[in-house]
Structures are given as C-alpha cells and as structure tokens.
Amino acid sequence: MPFPESPDLHGIAVLMLVGFALVLFTSKHLRLETSSLMVLVVLLVGFELSPYEVEGRTLHATDFFSGFGHEALIAVCALMIVGNGLVRTGALEPLGRMLSNLWKYSPSLSLLFTLILSGFLSAFVNNVPIVVLLLPILVSVAHRTGQKASGMLMPMGFATIIGGMSTTIGTSTNLLVVTIAGDLGLKPFEMFDFFVPAMIAASVAVVFLWLIAPRILQERDTPLGNFSPRVFVGHLHVDVDSYANGRTISEAIEKAGGNLTIAQIFRGEDRRIVPLPDMVLKVGDRIAVRDTPENLKEFEETLGTKLYNEDDVLLDDDSELSATGQQIAEIVVTQGSPLQGRSLSSSRFDETHHLAVLALHRRGQVKHISKKDVSDMILHVGDVLLVQGTEESIAKLKKGGEVLVLDATEDLPHTQKAPIALSIMAGVVLIAAFGIVPITISAVCGVLLMIVTGCLDWRDAAGALNAQVILIVTASLALGSALLATGGADYLAEVFLALTYGAPPAVILSGLMIIMAIMTNIVSNNAAAVIGTPIAITIAQRLNLPPEAFVLAVLFGANMSYATPMAYKTNLLVMSAGGYQFMDFVKVGIPLIILLLIVLSVLLPSLYF
C-alpha cells in the first residue's frame, strides 16, 4: 500500500504541533498545565492569524475553546468533586478497617482480596482516594505481620488502574474516549459495554499482581511512622541550657551514644562550619544531623537542644510547637492537595496547621531545613514532608484529608455525613448505569447534593478540581479537533495502515494498542486517548471493520500506565510511600503491559470482529 499524500499546510502545521506537544508533555522543566496552555495558545494564535476553510466554513480560533465546556471535561470535574466528598467524610473508612482486620488471618488471601476490592472500587470512584486510603493501612499491616510492604503497595496501585478501565467513568481517559467516539458518530458506550473484556483482562492481571509481582519486587524500606528507616536532616538548636553548649563535637557525639552523625554546623546567618571533633559548640549553633525521625527526637532530648524547622528564629517556651505531647509525622503531597504546585510559605502551611516542617524528602533526595531550601520550594505530588506538632494538630491534618499522613496509624477521617456521601456516589453511578440520564448530568447533580447536604463546602469542591487535568484535557481536545478538521487524523491513520499493510486485522488492532501503551507511559494518558480515538475510527472505516474494537484498543492502551512512575498520579504516591525506584516500575510494569496486550489482542477481535 503506497504512503498517502501529505496534508495541506494547516494539516502539516497541526501534525508538527502534535509532535511538539508530545515533547512538551514529557518535559521535566515545565509543569504539565503550563505545557498544555502553551499548546492551546499556539493553536489559537495560529488559526486566528491564518484562518482555515473546511467544508465551506471557516474554522475560527475560538472554536478551540469548546474543550472548556466539553461534556467529558464537565463529567471529569464533577466526578472529582463527588469523589472528594467520599474522602472528606471518611465514607470509605469501614472498608479500610475491614481490610486491616482481615490481614490478621491470611496475608496471602488478604492481598488477593485487597487487589480485587481496590480494583472494583476504582471502576466507579477516582483511584486516588482509594490509594490514599490503603497506603498507610498496608504499610502498618506489613510492619505487624513481617510482610514486605514493597510487595503490596505497587500491586495495589496497579490494581486500581486496571479496575478503572472497566467502566466508562472509571478514569478520565475512559470518559474522553467514549465521549469523543460519540461526537464522531459512534453509538454512545453505556457504562458496562466493555466490562466483559476488561474483567477478563483484569482477572489475568490480578493473578500476576498477586502471585508474581511481589516476587519480582525487591524489598524496599518504607518511610512510615515510628519504624521509618528513612534518613532526614534536622537542625538541633543549641541554647544556654543545652548540654551541648560549651561542649566539643566529640563530647556531644559521645553523649548521644556515638550514633550522632553531624553533617555540618550553622553559626550566624550564613556561616557554615566543618564539624571537627575538637570544635566547641556555642549558643545559637544549629547542628545539622542526618538520621531517622525517631533518632532526631532522641538527640533533641539527650543533648538538651530543640529540633527546629528554621535556621533563624527560635521558638519560645510558650509556643505550641514546644508543648508536651509533640509528635513527628510524615505526610505525602497527594494529587489535588492544596500544597501541590505551591510552596509552604505561599500556602502558609505552618500557620494554618500549627506544624513545623523539619525536612523534605523528594525521590531519594533530602532537602536541608531552612527557609531557602524548603519553605520556598514548589511542592510536587509524591513529596514527603517531615513535620512536628501536637497530637491534636496532626490528627486534625489527617482528618482534613488534604494530604496523606504516613504515620503508621489506622485513624481515618470519619463523620456523620459519610453514609450520605456514599449514598450520593452510589446514586450518581446507578442512575447513569441504568441509562436514566447521562453520567455528566448525574455527576453534576451529585455535586449539588454533596454541597447542600454539607458533605462538602465550596472550598472543598474548588480544591477537588485539578488545573493539570483540566488543561491537559482541554489542550488535548483542541489538538484532536484540529487534527480532524485539517485532515491530520486521516493522514496518520493512512500512514499506520501503510506501515501495517497486509497484516491481519487483529495484528493491526494490537499495533494500535501498543502505540497507545507507549504514549501513555511517556506522555499523558489523556493526550494519547484524545489523539488516538479519531485515528482509531478512521482505521476501522478504512478496513471496513467495527470501530468499537479499535476505540477500545485506544481506551485500554491509554490505561496501561504501569511502566514508569510518572505515567500516572497514583504511581508517584506509591513510589514515595513504598520507597520504590524507577526500575521497580519497569520490572513489574512492562511484563504486566505485555500480558494485558496479549489477552486483549485476542479478546477484542473475537468479541467484535
């Protein structure tokens, strides 16, 4: 089959922009929402300066704003808010406690049940709250039973992604694919239309995650609570009454039992001193110590110093941070948290929560404690903060649900509104499942009910919305629209058919799914879905085959976000909580992707061709 002729100049420009967008979306130097907005602006300016005629009408630049009001985006946002209601009210708490109790009897069967339950829940609820619920429970269970936490956390995280691909509302990717397919003339997918192939594939995947993945994964240290082996850096502030005052470094180390490892000494504003053994410590010195949270507290008591969050202000005795009952906890910045994309200083974290931030851990790097190093750093999903405060302050932070508190306890947020929130979520799903109204309408109604019943206030609702998701969806929809209007999607489909000319339809379908799986692990699952859906329909039309199979190939392929920690937001949470390395995702994720590709490449043709 000969290669198709190139599209016109507008089509070429759009194809180049698609390539540029894919590069931008993988950049470590630009936030994904910034990259998305850049792509949208380029489209707007380009088509405004150079209008494009299609089928007798002019394609206006303002047409690309339609993504902000697209049915799929509205449904995604509404479901994010409703799902946040479950988190705020602690509606999933009974499930968490049930799982925790079940692990006492049979760890192996409990892991299987955890994988099945987390996958099932993720078919109807955003998987982020599911992962946030289960992470501290599984780590606590691992500690009590002597199991490897690293053998539980990644399989659980992957199970939520796999479960999410089984219904139209399981992930934002699913919603985008089915909505765009409907816009292009396909019969709208009902909620459970592809449940059968998804469940067959999920069953095979769960067996892999249950029996094989834990054996592949190397044992890793987990950074939770009082049994955390994670190393942080803390500052021990020397005052007049400190044992360390007037003592040499060697004497301080001896007093601490010989276990004190001093990184450096801070004296004055910016002066840093090498910690030589005979150096004498003075009032105002700040001893930078690298150790575990419990050891930092022990050094604080032994040397009569104060573990501190800043290097220029000393808390007085009346400060809440110096009160009795102080605790240290580790918290993870989660997707949609108010801390995501902001600094501690701009969010006024310490003033709001009455907690002192002692250190920051980011993917293997420990950040020193000072305003310059920590307070002004932009926080990302997966960052771990070591905080100090009263038991009441930490408990309040945990109940707020804005961050994941990793302190090895099982206290979960719970309010009297939990049954109401759960009923609202069930109503949203069931009304859409029975076809009474579309999911977009039922989800928006669910948002209103969450507000009027007091399960959420407007601040909670606004906090549930994620700028990154909104902008990547909008930019991807604009790119997809431009590809369709300029013939770029047809051209890419023809190129794909030329490259696979002579191959059986099942092989072509499998090839499309492989491309989507690669894109979703490198770029963005939503971008892969929006760009791939019109191409899939064009391929099916050229082959005179049912387009549903090819649309589902895009949907399933775009959900295979297992090979890299950056591929999906929950992967980053699991990576931080489980102490995983990049290659851990590769070793488990790639075999899982290959397994799903094989199963679905057999299922989809047999069910739809």
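Please count how many residues of the stretch 564-584 are farther than 15 Å from VAL131 by Cβ and touching a Phe, Trp or Tyr at 6+ places or on another chain (Cβ under 8 Å). Write out each step before concluding.
The first filter runs over the stretch 564-584 and keeps only residues farther than 15 Å from VAL131 by Cβ, leaving 564, 566, 579, 581-584.
Next, only the ones that are touching a Phe, Trp or Tyr at 6+ places or on another chain (Cβ under 8 Å) stay: 564.
Counting residues in the stretch 564-584 that are farther than 15 Å from VAL131 by Cβ and touching a Phe, Trp or Tyr at 6+ places or on another chain (Cβ under 8 Å) gives 1.
Tell me which residues, restricted to the stretch 523-540, are of a type outside the set (S, T, N, Q) and in contact (Cβ under 8 Å) with a residue 24 or more places away in the chain. Step through it out loud before you land on a result.
Within the stretch 523-540, the first condition is being of a type outside the set (S, T, N, Q), and the residues that meet it are 523, 527-532, 534-537, 539-540.
VAL523, ALA527, ALA528, ALA529, VAL530, ILE531, GLY532, PRO534, ILE535, ALA536, ILE537, ILE539 - these are the residues of the stretch 523-540 that are of a type outside the set (S, T, N, Q) and in contact (Cβ under 8 Å) with a residue 24 or more places away in the chain.
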Contacts under 7 angstrom Cβ, first residue in the stretch 158-174 being in the same structural domain as GLY578 (by TED's automatic domain parsing) and assigned to a loop (DSSP other than H, G, I, E, B), partner aromatic (Phe, Trp, Tyr) and surrounded by fewer than 24 Cβ atoms within 10 Å (Cβ to Cβ), 6 or more apart: SER166/PHE195; THR167/PHE124; THR167/PHE192; THR167/PHE195; THR168/PHE189; ILE169/PHE124
Those residues of the stretch 444-468 which are under 22 Å from the mean Cα position of the chain (by Cα), within 18 Å of LEU176 (Cβ to Cβ) and in a helix (DSSP H, G or I), in sequence order: ALA467, GLN468
Counted residues, the stretch 173-222 - those being closer than 15 Å to VAL551 by Cα and within 23 Å of the chain's Cα centre (by Cα): 7
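Test THR533 against the stated conditions and say whether it is in the same structural domain as GLY480 (by TED's automatic domain parsing) and over 17 Å from PHE194 (Cβ atoms).
Values: in the same structural domain as GLY480 (by TED's automatic domain parsing): yes; over 17 Å from PHE194 (Cβ atoms): no.
No, not satisfied.
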Residue within the stretch 179-194 that is under 16 Å from LEU600 (Cα atoms) and in a helix (DSSP H, G or I) present: no
Number of the exception - ILE522 against (1) closer than 30 Å to ILE216 by Cα; (2) modelled with pLDDT of 95 or more; (3) among the hydrophobic types (A, V, I, L, M, F, W, C): (2)
Number of the exception - SER561 against (1) touching a Phe, Trp or Tyr at 6+ places or on another chain (Cβ under 6 Å); (2) small (Gly, Ala, Ser); (3) in a helix (DSSP H, G or I): (3)
Any helices (runs of 4 or more DSSP H) falling wholly within the stretch 69-150 and containing at least 1 residues that are under 19 Å from the mean Cα position of the chain (by Cα) and over 25 Å from GLU330 (Cβ atoms): 71-89, 107-122
Qualifying residue in the stretch 570-577 (condition: free of Cβ contacts under 8 Å to residues at least 60 places away in the same chain, under 28 Å from the mean Cα position of the chain (by Cα), farther than 30 Å from THR58 by Cβ and in a helix (DSSP H, G or I)): no
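Looking only at residues in the stretch 83-117 that are among the small types (Gly, Ala, Ser) and touching a Leu at 6+ places or on another chain (Cβ under 6 Å), which one is modelled with the lowest pLDDT?
Within the stretch 83-117, the subset among the small types (Gly, Ala, Ser) is 83, 85, 90-91, 96, 100, 106, 108, 110.
With the extra rule that they be touching a Leu at 6+ places or on another chain (Cβ under 6 Å), the set shrinks to 85, 90-91, 96, 110.
Working: GLY85: 84, GLY90: 73, ALA91: 78, GLY96: 69, SER110: 87.
Across the stretch 83-117, the extreme among qualifying residues is GLY96.
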Some residue of the stretch 123-132 being in contact with a strand residue (DSSP E or B) (Cβ under 9 Å, 6 or more places away or on another chain), assigned by TED's automatic domain parsing to the domain that holds GLY463, modelled with pLDDT under 80 and buried (at least 19 other Cβ atoms within 10 Å of the Cβ): yes
Neighbours by Cβ (under 6 Å, 6+ apart or cross-chain): first from the stretch 489-512, within 21 Å of ILE531 (Cβ to Cβ); second surrounded by fewer than 18 Cβ atoms within 10 Å (Cβ to Cβ) and of a type in the set (Asp, Glu): none
Residue list for the stretch 1-59, restricted to those being more than 33 Å from the chain's Cα centre (by Cα), outside any helix (DSSP H, G or I) and in contact (Cβ under 8 Å) with a residue 12 or more places away in the chain: MET1, PRO2, PHE3, PRO4, SER6, PRO7, ASP8, SER50, TYR52, VAL54, LEU59
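The values are calculated or read from the model by the stated rules, or taken from the named source; none is laboratory data. Computed from a predicted structure; not experimentally measured. FYI the Cβ positions are ideal-geometry reconstructions off the backbone, even for glycines, and counts take in every protein chain you see.
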